[in-house]
């Protein structure tokens, strides 16, 4: 008998614990299941499970996938980790998605994030806590030059830097997350329920 399907755990509660992205033109779905991140191909075949044991066994609260390069941002408590499809998963020979996601970066926030959003170029990441912050990787072009990644000195994982931030006009006093819609538009505009503000890099 051949293995037909592996049923993973349920998606964590919340609107931001699952996301759809693509590697080139090949779509995939990633979601948080307990402390793990589960990655599925378009036919819902399980491509990879990123175990939470490597990140302190903290429940995944947000997952955001990019639509160009297949990058995955996930939050574990106040830590945000970046994963990229840099390897080949030889165990999935018949799968459309033969990628292996590897951790390439991380940074820490002042509190648990409510939402994540990639910019249109998949190089910078918005986070929402009690303020909105834009984070960029070290060197600026580390994520863009995928073809030359083997020729570069690997960056320190926590070298991501906050290049812009804006405090919210309203803060929550309870433990219910603020549901925020973060959207990039032309002119680098960020929209939230509490503000409409254009930003520039420091």
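What the table below lists for this structure:
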| quantity | calculated |
| --- | --- |
| Among the candidates 102, 40, residue that is touching a strand residue (DSSP E or B) at 6+ places or on another chain (Cβ under 6 Å), in a strand (DSSP E or B), over 26 Å from residue 161 (Cα atoms) and without any contact (Cβ under 8 Å) to a residue 24 or more places away in the chain | 40 |
| Residue match in region 55-71 (condition: modelled with pLDDT under 95, in a helix (DSSP H, G or I) and in contact with a strand residue (DSSP E or B) (Cβ under 8 Å, 6 or more places away or on another chain)) | yes |
| Filter result for residue 33 (surrounded by 16 or more Cβ atoms within 10 Å (Cβ to Cβ) and free of Cβ contacts under 8 Å to residues at least 40 places away in the same chain) | yes |
| Any hit, region 5-13, residues being modelled with pLDDT under 95, under 18 Å from residue 73 (Cα atoms), under 13 Å from the mean Cα position of the chain (by Cα) and surrounded by 11 or more Cβ atoms within 10 Å (Cβ to Cβ) | no |
| Out of 125, 143, sole residue that is modelled with pLDDT of 90 or more and surrounded by 14 or more Cβ atoms within 10 Å (Cβ to Cβ) | 125 |
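The values are calculated or read from the model by the stated rules, or taken from the named source; none is laboratory data. Because the structure is a prediction, the values reported are computed rather than measured. Every residue, glycine among them, receives a Cβ derived from its backbone with ideal geometry; neighbour counts consider all protein chains shown.
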